[in-house]
Amino acid sequence: MSLSKRYNPQTAEPRLEARWQEQGVYHFEPDGEGSVYSIDTPPPTVSGHLHLGHVYSYSQTDFFARFWRMNGNRVFYPMGFDDNGLPTERLVERRLGLRASDIGREAFIEQCLAVSEEAEKDYRELWQRLGLSIDWRYSYRTIDEHSRRLAQWSFLDLYEKGLAYREKAPSIWCPECQTAIAQAELDDLERETTFYTLDFRLTNGSSLPIATTRPELLPACVAVFVHPEDGRFTHLLNETATVPHFGQTVPILADPGADPQKGTGAVMCCTFGDQADVEWWHTHHLPLVEAIGRDGKLTEAADEFAGLPMAEARQVIVAALAVDGLLLGERPSAQSIRIHERCDTAVEYIITWQWFIRLLDAKDAFLEAGEQINWQPPHMKARYQQWVENLNWDWCITRQRYFGVTFPIWYCNDCGAITTADPNQLPIDPTNQPPNQPCTCGNTSFTPEQDVMDTWATSSLTPQIVGQLLQDEALYETVFPFSLRPQAHEIIRTWAFYTIVKSHYHFGALPWDAVAISGWGLAPEGTGKISKSRGGGPVAPLAMIEQYSADAVRYWAASTALGKDAVIDEQKIQAGAKLVTKLWNVARFSQRFLTTQLSDYPTIRPTPADRWILARTQLLIARATQLYANYDYATAKSEIETFFWHDLADNYLEMAKMRLYAGETAADGAKLALYTALLTTLKLLAPLLPYVTEQIYQGLFAEADGAASIHLSRWPVVDERWVDDTAVSLGETLLEIATAVRRYKSEHNLSLGAELPALHLATTDEELANALADSPADLISISRAQAVHINQPVGDGWDVVVRNGRYTLALEKR
């Protein structure tokens, strides 16, 4: 099969993708030969349209999959869809313009399933068009029956081990989503706010000024704290103060957590404004005043302000304080608040019944697990360590929502005891099905748990879900522990951490050998990270692929190292398209010369240029293989591309063209070198540019190389016959000469193809002189000189263009 004049990726890429799927090129063979390389692929959250940021990170995972597959590994590369829980609920609410409470639980769940199925079809279409080498037979949804079964099994196992517990305690609460959330789901938001200085009254009638940014929490004020070493307040310890406007009397207590430099040095403790309030309340056994409701509004504890949203309540209460003469001052201040990462809403802390997974008791074990994992890039391990070291809460896994995995438990209506489902009942919805045995007290009347699990409670089991634990034990034992977990850096604290937690608690093992942390794809002009739930960015991925090709977009994704953010750069994508075109053109030029059979190669006598490109090829193989194996695809791409453009296309082909066109035995060395260098270049680029490399391989190399696809072919290995430092050095000299000749022609307004009467090279380097004298064709080809003279006298009609310690180069004037 020959190559057409032009390569059209818009038609070639879909055709090749269909061929790969039809032939099962990426199918995993559980019983095959070779080591297993298993990938715990991140299931994209079904929360909106995929964007170029996803293309950026998922392409990088595919680079690894393709590299290890070509190195003889059986690559297990599945794909999932994270379609249970809050993100999918919010997508449905946005699309349909309603909440679950508007249509009822069952109808809302049906809408969630329908919307997620539609979104997943779009996701798969993009992944296939991008060329991800996924085995689609191993697809899953985190809401499917197997995932729900495993999530419920996990909960029951943790509950039986005493690692899951239910408690009525302060919880991090999102008023917008109206659910408890975990510490890992918090982000920080820097904003400008106002410090209000309020007049608390002491028992002697004097004023105790206290500054706060949240006067709306005054009805929940239960204490005033000062630092134990702050001499300004020592005499007030164990006294009381009266809360302005609301009138309750609260103790003045000492705690090291009070910052003498903040505000007035005295701080009010309310239940609850932040985590410090929670800790003080617990440590000092303070009373509880529940002034904030689940809807984010003030409760009846706020008297005449009940029912006001927090922001409005702040303004109204400040106005009332001013009227009372209790507002002593106000000033602007920078503030960092905690917000829910899903909706950017400022969180509150309220008392609720929640289920928790114990984390704080096992922090040392989680830190040790992190030490044993290969983090790529290595500095990402520090992010994991910092997260674990700074944990302050156990993992809250309950969500007061509708769409998600239910808890397989009921509460006895007589004694309140918990009854759990039998393992053979899983998955089960306790709201539709009772337990199959009475309570231990004999009662048969139960209340089912209405809450659903945090989506991370399921996603933390992706190795078990895709490995089919409880369903295909042979497969699970083959792929677990996984070789690689690829993921983004912002979910180290959630997905990576929670997966390590579950693997440690359930199996006492690491879930994977290595973690590859990707950066973000950033919108142009510094507009920040792109988000599915916020529109997906300015350019749709499929539109960019159709305009430039999937290979060109993947080229952009390969241009930035693992762990680093990258701005969406259309110029970089255009550079990728240019490389695709150049590869095609070089291959088309080369195809007429790639006829020499491998069996004939031992009789070939390569020239210095041939030996140089063959030696450079071996160096590139060793270097690129090492870089890929160390997850440094970006440097590998850069060095392969430099070799292709500079060494092969710009220089070697110019050195070899005359011999190639001349034919016969003089061309055999060039044919051997060209065949080897071009095939090697294609294979080394195949993980990054799978389409154009496959098309060229099928047209020029597949029959002789013997593989059905370049992606199933053997990764290049160093051929010791061509490892030759002397050949590399000699080739560099040829490049110096070629550069000098080109510069000479440019300075004399000659075309690069203009012939010169003669080239003279004088040198005391005997090895250099003999090599060039033995194969003058290389010098003739790069200079277009009609004659080459080595160490012969130079006449007056010559221009000396190079004179250095090794040689003198002169060109005869025209």
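The values are calculated or read from the model by the stated rules, or taken from the named source; none is laboratory data. Model, not experiment: these values are computed from the prediction. Please note: Cβ atoms are built from the backbone with ideal geometry, for glycine as well, and neighbour counts cover all protein chains shown. Note: accessible area is taken over every heavy atom of the protein model, side chains too, but ligands, DNA and RNA are not part of it. Shrake-Rupley method; radii C 1.70, N 1.55, O 1.52, S 1.80 Å.
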Determine whether R338 is in contact (Cβ under 8 Å) with a residue 24 or more places away in the chain, part of a strand (DSSP E or B) and over 27 Å from the mean Cα position of the chain (by Cα). no
If a residue must be more than 26 Å from L579 (Cβ to Cβ) and aliphatic (A, V, I, L, M), how many such residues does the stretch 657-679 contain? 4
Looking only at the stretch 50-72, decide whether some residue is surrounded by fewer than 17 Cβ atoms within 10 Å (Cβ to Cβ) and under 24 Å from D144 (Cβ atoms). no
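Matching residues to (1) aromatic (F, W, Y); (2) part of a loop (DSSP other than H, G, I, E, B); (3) under 30 Å from I491 (Cα atoms); (4) at pLDDT 95 or above:
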position: L3; (1), (2), (3), (4): no, yes, no, no
position: Q10; (1), (2), (3), (4): no, no, no, yes
position: E13; (1), (2), (3), (4): no, no, no, yes
position: E17; (1), (2), (3), (4): no, no, no, yes
position: E22; (1), (2), (3), (4): no, no, no, yes
position: E29; (1), (2), (3), (4): no, yes, no, yes
position: G34; (1), (2), (3), (4): no, yes, no, no
position: L50; (1), (2), (3), (4): no, yes, yes, no
position: H54; (1), (2), (3), (4): no, no, yes, no
Positions within the stretch 353-367 being in a strand (DSSP E or B) and either open to solvent by less than 30 Å² (accessible area, probe 1.4 Å) or of a type in the set (S, T, N, Q) (or both), in sequence order: Q354, W355, F356, I357
Taking V586, is it closer than 20 Å to F701 by Cα, assigned to a helix (DSSP H, G or I), at pLDDT 95 or above and in contact with a Ser or Thr (Cβ under 7 Å, 6 or more places away or on another chain)? no
With more than 30 Å from Y691 (Cα to Cα), in contact (Cβ under 8 Å) with a residue 24 or more places away in the chain and assigned to a loop (DSSP other than H, G, I, E, B) as the only criterion, which of I172, I143, I134 stands out? I143
Give me the residue from the stretch 264-284 that is open to solvent by 40 Å² or more (accessible area, probe 1.4 Å) and part of a loop (DSSP other than H, G, I, E, B) and, out of that set, farthest from I350 (Cα to Cα). H284
Tell me, which strands (runs of 3 or more DSSP E) lie completely within the stretch 449-527 with 3 or more residues that are touching a residue at least 24 places away in the same chain (Cβ under 8 Å) and within 25 Å of A182 (Cβ to Cβ)? 482-488, 512-518
Among the residues of the stretch 172-212, how many are open to solvent by less than 50 Å² (accessible area, probe 1.4 Å), out of contact with any strand residue (DSSP E or B) (no Cβ under 7 Å at 6 or more places or on another chain) and either acidic (D, E) or more than 23 Å from D259 (Cα to Cα) (or both)? 2
Kindly establish whether L678 is outside any helix (DSSP H, G or I), closer than 20 Å to W584 by Cβ and touching a residue at least 12 places away in the same chain (Cβ under 8 Å). no
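Residue by residue, here is whether (1) within 17 Å of V243 (Cβ to Cβ); (2) modelled with pLDDT under 95 holds:
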| position | (1), (2) |
| --- | --- |
| C269 | yes, no |
| H282 | no, yes |
| R294 | no, yes |
| L327 | yes, no |
| I350 | no, yes |
| Q354 | no, yes |
| L359 | no, no |
| A369 | no, no |
Search result, residues across the stretch 80-131 that are open to solvent by 40 Å² or more (accessible area, probe 1.4 Å) and hydroxyl-bearing (S, T, Y): S101
Taking the options P287, P332, P256, name whichever one is in a strand (DSSP E or B) and open to solvent by 40 Å² or more (accessible area, probe 1.4 Å). P332
Strands (runs of 3 or more DSSP E) lying entirely in the stretch 368-433 (those with 3 or more residues that are under 29 Å from the mean Cα position of the chain (by Cα)): 374-376
Take the stretch 686-714 and flag every residue that is open to solvent by less than 10 Å² (accessible area, probe 1.4 Å) and within 14 Å of R69 (Cα to Cα). A686, P687, L688, P690, S709, I710, H711, S713
K161: among the charged types (D, E, K, R), surrounded by fewer than 18 Cβ atoms within 10 Å (Cβ to Cβ) and under 27 Å from Y476 (Cα atoms), yes or no? yes
Among the residues of the stretch 194-237, what is the count of those that are farther than 18 Å from Q248 by Cβ, touching a residue at least 60 places away in the same chain (Cβ under 8 Å) and either in a loop (DSSP other than H, G, I, E, B) or among the hydroxyl-bearing types (S, T, Y) (or both)? 4
